[in-house]
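The values are calculated or read from the model by the stated rules, or taken from the named source; none is laboratory data. Here the structure is a predicted model, which means the values were calculated and not measured. Neighbour counts run over all protein chains shown; Cβ positions are idealised from the backbone, glycine included.
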Amino acid sequence: MSDAGHGTDAPVRVRVAPSPTGDPHVGTAYQALVNLAFARSRGGVFVLRIEDTDRARSSRKSEEAILDALHWLGLDWDEGPYRQSERLDLYRSEVDRLLAASSAYRCFCTRERLDEMRRENRAEQRFPGYDRRCRSLPVAESERRAAAGEPHTIRLAMPTEDECVMQDLLRGEIRREWELIDDQVILKADGYPTYHLACTVDDHEMGITHVIRGEEWINSLPKHLRLYEALGWEPPTFCHLPLLRNNDANRSKLSKRRNPTSITWFRDAGFLPEALLNFLGLMVSSRSEGEEKFGFEELAGGFRFEDISLGGPVFDLDKLRWLNARYLREDYDADGLAALVRDWSMEQERLSAIAALAQPRLETLGDWGRLTNFLFVDAPDVEREKLAVKGLEESQVAEALQFMLWTLEREQEFTADIIQGHFRRLSEALGMSLRNLTRPFYVAMSGETASLPLFQSMEILGPDLVRARIRRAIEALGGISGKRMKKLQKRFEELA
Ligand code: GLU
């Protein structure tokens, strides 16, 4: 595979390369969609690569959720998933080549020294990167220390003069002074590569012809180009897609505080995959009024990079709802719609779990709707007054909600028992009774101060809907300012 040519006639090979470090993000779907549409328009191959080299943050659970989400959207890959954690030898051998050519060097600086250096850089307003102290170590000394087992990382030796000239498909030529680019760590002390090395080696090894990815990686491009050069490889074509933006005044980068970003949320809240896909397609292919509804085939058929506008595409949830409504109305008859509803919310196992909760509280079957209604909606209406807890300020209630939100964002096992454990611990940490603490959560989940048992209900709703409902409740209480949020985060880390 490593011989695959990268000339213009080479068959197109593209990839999407998510890191399995959290919920499956709509940004991943957006990039996958563009890559797949381009591949299909050129008879090419679409590769899925899992970039799991961050050992602390990567998880199999997250990987599975990403694969499920891409399948759900019909963004199926032709090759993969490849996993970087299974390819460590490959990266190591390329590092050895770089070391032998002095294109990379061992860095023995300790964390303390690096922290101190950073502080000094800041105080003296110097270049914020590594000061390259270990770059001048004599090779013999470096080898001796490594052989003696002294912990070290490997850094890429960047050029220090002239400019890096880059080409981006959407932006044309971009120039950066080499001097301003850090000697990036490419191999960590634990033997794992960093993103920059693994991504470059894999893109080459996998014969990727076009790297189409998020704009946030433009600043890394000089490092990647340097790696291609040092390893003697021809770089692929690069295309950095504009980031999705919140629909707010300053068009900030899409964030889960302002928007649902997890693909699973869209599924659980009752959106159709074809509508979400169509909506993401609108981000890269602007259409005039009346032409907004189109399927993947149409997008791929007419795909052109020229149609991608560099102004950040705005993620407008109302527009998505409008589009979703059109699919529901135009693409399904009543039977089809009934089947959709059943598959979405009345799946047998889920219904049984709900029945078990409702049973002790039913007098007639006629009570069912009132009791369980909140489990069948995307979000209940929440009144601010109902969120009140006696003896607490509203801001304190919002903070308790936020603490639980952070806790649940880190939780991979979303069962009633585990959730209950979190509530117990948080109530102790905050010195609040469990009863008081759970109260606003009943309201956040169901809109009512009393409803079906909380922890089981949360398990049935699942992590995405639960977290979205907590966020809504926080907003209903007036939200938490950015400044306050920073303080809270600190306190939360101390409590955790
Ligand atoms: N793992 C990187 C990410 O999560 C991939 C970036 C790239 O496509 O090169 O965004």
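Please verify whether Thr200 is within 15 Å of the ligand (Cβ to nearest atom) and surrounded by 21 or more Cβ atoms within 10 Å (Cβ to Cβ), treating the condition exactly as stated.
yes
Residues that are touching a Pro at 6+ places or on another chain (Cβ under 8 Å): which helices (runs of 4 or more DSSP H) entirely in the range 351-453 hold 2 or more of them?
The helices (runs of 4 or more DSSP H) meeting that bar are 394-410, 434-446.
List every residue pair whose Cβ atoms lie under 8 Å apart, where the two residues are 6 or more positions apart in sequence or sit on different chains, the first residue falls within the range 26-53 and is at pLDDT 95 or above, and the second residue, located anywhere, is part of a helix (DSSP H, G or I) and of a type in the set (Asp, Glu).
What qualifies is Arg49/Asp202; Ile50/Glu63; Asp52/Glu63.
Per-residue answers, yes or no, for (1) within 17 Å of the chain's Cα centre (by Cα); (2) aliphatic (A, V, I, L, M); (3) within 14 Å of the ligand (Cβ to nearest atom):
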site	(1), (2), (3)
Leu187	no, yes, no
His204	no, no, yes
Lys223	no, no, yes
Thr237	no, no, yes
Arg251	no, no, no
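Kindly list, by first and then second residue, each pair from a residue in the range 357-386 that is on the phi < 0 side of the Ramachandran plot to a residue that is of a type in the set (A, V, I, L, M) and part of a loop (DSSP other than H, G, I, E, B), limited to pairs with Cβ atoms under 6 Å and residues at least 6 apart or on different chains.
Leu357/Leu452; Asp378/Ala269
What do you reckon, is Arg176 among the basic types (Lys, Arg) and closer than 15 Å to Asn219 by Cα?
Yes: the conditions hold for Arg176.
Kindly list the number of the only condition in (1) among the acidic types (Asp, Glu); (2) over 30 Å from Arg60 (Cα atoms); (3) without any contact (Cβ under 8 Å) to a residue 40 or more places away in the chain that fails for Asp417.
(2)
Inside the range 115-157, can you point out the residues that are out of contact with any strand residue (DSSP E or B) (no Cβ under 9 Å at 6 or more places or on another chain) and aliphatic (A, V, I, L, M)?
Across the range 115-157, the qualifying residues are Met117, Ala123, Ala140, Ala147, Ala148.
If I filter the range 332-342 for residues that are of a type outside the set (D, E, K, R) and in contact with a Lys or Arg (Cβ under 8 Å, 6 or more places away or on another chain), do I get at least one hit?
Looking through the range 332-342, none of the residues is of a type outside the set (D, E, K, R) and in contact with a Lys or Arg (Cβ under 8 Å, 6 or more places away or on another chain).
Give the residues of the range 387-414 that are touching a residue at least 12 places away in the same chain (Cβ under 8 Å), under 22 Å from Arg257 (Cβ atoms) and either in contact with a strand residue (DSSP E or B) (Cβ under 8 Å, 6 or more places away or on another chain) or of a type outside the set (A, V, I, L, M) (or both), sorted by residue number.
Within the range 387-414, Glu394, Ser395, Glu399, Gln402, Phe403, Trp406, Thr407, Glu409, Glu411, Gln412, Phe414 qualify.
Quick one: which strands (runs of 3 or more DSSP E) sit completely within the range 22-114 and have at least 2 residues that are more than 14 Å from the ligand (Cβ to nearest atom) and farther than 21 Å from Asp202 by Cα?
Here the list reads 104-107.
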